[in-house]
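Here's the structure we're looking at; comments come further down.
Computed from the coordinates by the stated procedures, all read-outs in this text should not be read as laboratory data. What you see is a predicted model, and the numbers here were worked out from it, not measured in a lab. Using ideal geometry, Cβ is built from the backbone for each residue, glycine included, and neighbour counts are taken over all protein chains shown.
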Amino acid sequence: MIEIKIKPNEGFLNIDLKELWRFRELFYFLSLRDIKVRYKQTSIGVIWAVLQPFLTMIIFSIFFGRVAGISVKEIPYPIFVYSGLLFWNYFSNSLSSASNSLVAEQNIIQKVYFPKIIIPLASTLVFFLDFVFSFIVFIGLMFYYHFFPTLTGILLIIPALIITFLSFSGLSLVFSSVNVKYRDVRYALPFFIQLLVFLTPVIYPASILGKHQWLLYLNPMSGVIETMRIGLLGVGTINWLAFGSSALLSILLFLLGLLYFKRSERFFADII
Amino acid sequence: MEKIIEVQNLSKKYKIGEKRERYYSFRDEIVKLVKKPVQLMRGQKINKRDFWALKDVSFSVKRGEVIGVIGRNGAGKTTLLKLLSKITYPTGGQAIIRGRVNSLLEVGTGFHPELKGRENIYLSGAILGMTKKEIDSKFDEIVEFSEIGEFLDTPVKRYSSGMYVRLAFAVAAHLEPEVLFVDEVLAVGDYKFQKKCLEKMGRVSQEGRTILFVSHNMASVSRLCNRSILLEKGKLIAEGPTPDIIEKYIGLREEVGSEVSWNFNEAPGDSTVKVKSVRILSDQNTPNYKLDINKDFFVEMTYWNFVEGSKLLPCIRLVNNEGVIIFTANNLPSVCLKQDDWYDRPSPKGLFCSTCKIPANLLKEGYYFVNIVIGNLAGLLDSYSHVYKDQVLSFEIIDKDGLHKEHHSTMIGVIQPKLDWKTEYQSGK
């Protein structure tokens, strides 16, 4: 029999995994809702998922590739920047959507109990789907430019996705709960994400910074993007130290996010 | 029997402003940070008041009981349900619930306007805590209960508000928790559907489910709940059989009782008319607010007229506890059995007393409020009145042994007159 205790203070970091498991279907239904709603009233539907990175690629190629003259040896700039956007878009779209998710769902939060962590996490599944579609386009680009992935690169796709997931989850758990109290987050976040794209080797290779590259790797997405670019396009050698530090940083970010979220979660319904 | 809910000294404190302000911003915090030392230096008290939405509430509920939670607005009813359903957390005390809980604080939580009825059933069901399997197995029942039929595959944004509520409630009505918390959700939808929901809930309680039911509607509380608790200003002030608690609740309202009178200075009215007192009488001179459905009763209004020659129009309105105005009565000849002596007659200065007899077997059982109006025949068209005061008194119509022997609940409708019936046998076919 279930016994529910309601008390002023719970343990420091008390995550009820059993409960999360019981609510797994809610995760599914919320994600499904986001996916359906997103394509419900659009006329070209899923194509948007592909069009966004593709058009960004063209624009970036013109401005950064041609005008700014960022040169990347052996890799044509369009596929270079697309390989960066692939993971970056998954990261940034998820981050901004998850960070606003609690505020967007305030009505549910005030009326029903369930583990609130489901809300930010469920809001990102739709962007994973986008990732899959834009990956298909990426495969097309690889054929077009005659690049072949290395086996290591293929094997690293899953770990890279996990690192990306942990990074945006960790950050958005903090941002979304701060957002409940201070709505400033909603305005500051797009700006923050815009800046972050320049602190990540999306449009330029990490090597551009020479011996100061390590600074870039304080951002866990740097390791993911650099490594996957090398692995999938088969050009250059993988910097395992960078990838490893990305993994470590993402885990730390996730734990930090979890901790902060758990601590503030109890008061969401009161202040939202 | 086993206690399924045990609440001990449960308390919830809000800082004043916390609930009211929409949200904070960093700027506010910075302003506060700067202000604080300045205020401290000047010896000003920092304006932070605590507000106890709930204070030291203790009670317990046995398995299978249906408990009514009543109280005025802001008494802490919803806070109690929110604490028990873990939506928000207590400042002090604790509660133990032994069983699977569902709470219904709103109809249609999580509905998305873009999604179809079918999709919303699953979404809302999942948000309320049902598993997909449960929803699958009850899906047809839910659709049937909601009466939306062919609109199942239409986005709910195209629904009428009635359809929307019916679908939303149909989902909620099929929850099968061991403990169910229900807030004022039945106040929506048409009467027929409300009744259907109440019946469904009644059945649910017969199946041994425990329900905590918050409502302003005394009729449905008394129909559903044997026992009730009464909250007032965050404290539990009474607990016991529902009729007793409802009586206490009615007594709690300042404006209530079988008679009310005012000091001259506080009396409702203007420079022409002031009301001195209002009484409900079960016979010519006995104030009483528990009235037998089979007997006539009287509403009596005493008032001063200050202006020589004014033509006054005394008027009462009866309102049931769902807020429906049952009727308006005044002494216009077309709505009186016989003409009132002082109708359309210039009144001298002085004290007047108007009494209205309300016939037996007109109102159905339940609680009623009296609103008073004193108008002026001269101002009848521009609807100006000297006195206009709502809910000055309340009373209860009791149907001790009539209808209940013959019918399982009260009948649909706002009144319950005794009428002539005649049935004839016409032919063999």
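Values for this structure:
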{"read-out": "For residue B:4, distant residues with modelled amide H under 5 Å away", "value": "B:61, B:62, B:63"}
{"read-out": "Average partner coverage of A:37-46, which counts Cβ from other chains inside 10 Å", "value": "1"}
{"read-out": "Shielding by other protein chains, B:115-124, mean Cβ within 10 Å", "value": "3"}
{"read-out": "Using θ = phi - 60° and Karplus 6.51 cos²θ - 1.76 cosθ + 1.60, couplings along segment B:303-312 (whole Hz; Gly, Pro as x)", "value": "8, 9, 10, 9, 10, 4, x, 6, 10, 9"}
{"read-out": "Phi-based couplings in Hz for segment B:236-242 (Karplus 6.51, -1.76, 1.60; Gly and Pro marked x)", "value": "7, 10, 7, 8, x, x, 3"}
{"read-out": "Exposure rule at most 11 other beta-carbon atoms within 10 Å, DSSP loop GluC sites (Glu not before Pro): chain A longest free segment", "value": "A:75-272"}
{"read-out": "Stretchable slack from residue B:141 to residue B:377, in nm (0.36 nm times residue separation minus alpha-carbon distance)", "value": "79.2 nm"}
{"read-out": "Residue B:51 versus residue B:349: modelled label distance in nm, points set 7 Å from Cα along the beta carbon direction", "value": "4.7 nm"}
{"read-out": "Ranked list, fewest to most other Cβ atoms within 10 Å of each Cβ, for A:218, A:51, A:30, B:123", "value": "A:218, A:51, B:123, A:30"}
{"read-out": "Distance (nanometres) between label positions extended 7 Å along Cα→Cβ at residue B:94 and residue B:114", "value": "4.5 nm"}
{"read-out": "FRET efficiency, 1/(1 + (r/R0)^6) with R0 45 Å, evaluated for residue B:334 and residue B:132 via beta carbons", "value": "0.10"}
{"read-out": "Ascending count of other beta-carbon atoms within 10 Å, so fewest first, for B:56, B:140, A:184, B:183", "value": "B:140, B:56, A:184, B:183"}
{"read-out": "Cβ-derived FRET efficiency at R0 25 Å, residue A:139 paired with residue A:62, nearest 0.05", "value": "0.60"}
{"read-out": "Sites residue A:74 and residue B:2 - FRET efficiency at Förster radius 60 Å, r taken between beta-carbons, to 0.05", "value": "0.20"}
{"read-out": "Taking chain A and dividing mean pair separation by its residue count, relative contact order in percent (alpha carbons under 8 Å, at least six apart)", "value": "26 percent"}
{"read-out": "Distance (nanometres) between label positions extended 7 Å along Cα→Cβ at residue A:154 and residue B:420", "value": "9.4 nm"}
{"read-out": "Cα centroid separation, segment A:37-62 to segment B:215-249 (Å)", "value": "58 Å"}
{"read-out": "Residue order, fewest to most surrounding Cβ atoms within 10 angstrom, among B:144, B:65", "value": "B:144, B:65"}
{"read-out": "Charge dipole of segment A:17-271 about the Cα centre (unit charges at C-beta), most positive-ward option of A:137, A:174, A:57", "value": "A:174"}
{"read-out": "Over 20 Å between alpha carbons, listed pairs B:389/B:418; B:55/B:86; B:62/B:290; B:364/B:400; A:5/B:82", "value": "B:389/B:418; B:62/B:290"}
{"read-out": "Additional length obtainable on full extension of the chain from residue B:206 to residue B:248, 0.36 nm per residue less Cα span", "value": "12.4 nm"}
